[in-house]
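Accompanying notes for the structure given below.
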Amino acid sequence: MKSNVAEDFIKEEKLRNIFNQVFDNQTIEAVHELANKGYIDYLEYIISTGKEAHVYKAVDKAGNPRAVKIYKIETSSFRNMRAYIEGDVRFKRVSSDRRDIVYQWTRKEYKNLEKFTEAAVRVPMPFAFYRNVLVMEFVGNEQAAPTLKEAPFKNIEVLYEKIVEELAKMVYKAKLVHADLSEYNILNHNNEPVIIDCGQAVLLSHPNAKEFFERDVKNMCNYFRKKGLQKTPEEMKNAIKALKSSV
Ligand SMILES: Nc1ncnc2c1ncn2[C@@H]1O[C@H](COP(=O)(O)OP(=O)(O)OP(=O)(O)O)[C@@H](O)[C@H]1O
Ligand SMILES: [Mg+2]
């Protein structure tokens, strides 16, 4: 059953082997469910094999490029996930089951991407999720866009202005704090920043929201300093506040 289902939508043998090693029946069924609904036609290649998730370049039934993020059930740090789900009024009941938590986490990333998209924050647009599988806009041209870590902006001052604006939209319009912002979770797509990895983002009402926001700002200031632009967290926060009524 497992390999038959997988063969339906994974064209390349090498990819199929990796998939079969890492993913269980439920995950394969989840991909199949999304394939039945047309969100995935086939998985083309692996973009990233991380500790928490694998991200694939995929194509949907209409031929559109898509990114498919599949959270691992076994190795996801679910204790950590709990801390970001607890305190979020959107998730009243936090399960103690590892699999359920990873499913809730996937739903949380989808909902966060939806909120960010509505607030015009530049994130990948989400299309669908099922269990631990999330389908979203593919950010890239032929290849997936590199991270800021891999491909810094040509003009660092311009990037600073853009990040300040994205942070203002996140806080004042989406009313969410990203909570893991760094040069690893921002893509450089044709010299425009696209913010990714939004599973841990929390509502402003979350008890740790302020602490997470301070950390995001500090991380970004550290990055800008490494790139030769000196900004203190106070300066960056003031710049964000100055945009409150215009975002
Ligand atoms: N929508 C997308 N379009 C193109 N590439 C993407 C997209 N989303 C993620 N990626 C690629 O996959 C990588 C990992 O994605 P992401 O940061 O969301 O996962 P992660 O939670 O950090 O995974 P892990 O912690 O397991 O490494 C990114 O650095 C990027 O290269
Ligand atoms: Mg990441």
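List of remarks:
- Looking only at region 64-82, residues that are surrounded by 14 or more Cβ atoms within 10 Å (Cβ to Cβ) and without any contact (Cβ under 8 Å) to a residue 24 or more places away in the chain come to 1 in all.
- Restricting region 116-142 to residues that are within 15 Å of His54 (Cα to Cα) and β-branched (Val, Ile, Thr), the residue that is nearest to ligand 1 (Cβ to nearest atom): Val135
- Listed by first and then second residue, the pairs linking a residue in region 194-223 that is on the phi > 0 side of the Ramachandran plot to a residue that is open to solvent by 20 Å² or more (accessible area, probe 1.4 Å) and of a type outside the set (S, T, N, Q), with Cβ atoms under 7 Å apart and 6 or more places separating them unless they lie on different chains, are Asp197/Asp180.
- From the options Glu137, Glu86, residue that is among the acidic types (Asp, Glu), under 15 Å from the mean Cα position of the chain (by Cα) and either open to solvent by less than 50 Å² (accessible area, probe 1.4 Å) or under 27 Å from Lys169 (Cβ atoms) (or both): Glu137
- Residue match in region 145-159 (condition: touching a strand residue (DSSP E or B) at 6+ places or on another chain (Cβ under 7 Å) and in a helix (DSSP H, G or I)): yes
- Residue in region 162-179 that is free of Cβ contacts under 8 Å to residues at least 60 places away in the same chain, out of contact with any Leu (no Cβ under 6 Å at 6 or more places or on another chain) and open to solvent by 60 Å² or more (accessible area, probe 1.4 Å) present: no
- Among (1) touching a helix residue (DSSP H, G or I) at 6+ places or on another chain (Cβ under 6 Å); (2) within 16 Å of ligand 1 (Cβ to nearest atom) - the single one Ala174 does not satisfy: (2)
- Residue check for Val59: farther than 23 Å from Gly199 by Cβ and modelled with pLDDT of 85 or more: yes
- Considering only residues in region 84-97 that are in contact (Cβ under 8 Å) with a residue 24 or more places away in the chain and away from ligand 2 (no atom under 16 Å from the Cβ), the one that is nearest to Glu29 (Cα to Cα) turns out to be Arg90.
- In region 180-194, the residue that is most open to solvent (accessible area, probe 1.4 Å) out of those that are within 16 Å of ligand 2 (Cβ to nearest atom) and part of a loop (DSSP other than H, G, I, E, B) is Tyr184.
The values are calculated or read from the model by the stated rules, or taken from the named source; none is laboratory data. Values in this document were obtained by computation on a predicted structure and should not be read as measured data. Please note: Cβ atoms are built from the backbone with ideal geometry, for glycine as well, and neighbour counts cover all protein chains shown. Please note that ligands, DNA and RNA were not included when accessible areas were found on the heavy atoms of the full protein model with its side chains. Shrake-Rupley method; radii C 1.70, N 1.55, O 1.52, S 1.80 Å.
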